[in-house]
Amino acid sequence: MIDHDQQILESVSVRRHRLLKALLYGQERTRRKYDDGVKLLLIGAVVATLICAGCVGYSFIVNLFAQQEARMGAFSILGVPLP
């Protein structure tokens with residue numbers, strides 16, 4: 001016996017899946033390219049590089065301020081006027 005409700009639900013699911021593929025891949029939705037994975041890998045590498053650069057920059061600035069603070073503290077302990 002054929003369950004019509006189940007058949008309608010499966011049909012809707014297939015249509016949604018096809019629409020999603022058409023939206024993501026355009027006319028070549030049935031052909032998957034390895035470029036998709038490479039694109040994601042490159043995007044991930046760029047994001048990781050930006051995060052690393054931000055961390056290094058933050059560390060540099062914090063270290064610079066700490067050195068300046070230490071220099072100012074050493075001058076005040078010695079009683080030498082600051083330059």
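Observations, loosely collected:
- Spin-label pair Val46-Arg16: with each label point 7 Å from Cα along the Cα-Cβ axis, the two points sit 3.2 nm from one another.
- Label separation (Arg71 vs Tyr25): 6.0 nm, computed from points 7 Å beyond Cα along the C-beta direction.
- A crude spin-label estimate for the pair Leu64 and Leu9, with each label 7 Å from Cα along the Cβ direction, gives 6.2 nm.
Values in this text are rule-based calculations from the coordinates and carry no lab data. None of the values given here were measured: they were computed from a predicted structure. Methodologically, a virtual Cβ is constructed for each residue, glycine included, from the backbone with ideal geometry; neighbour enumeration extends over all protein chains shown.
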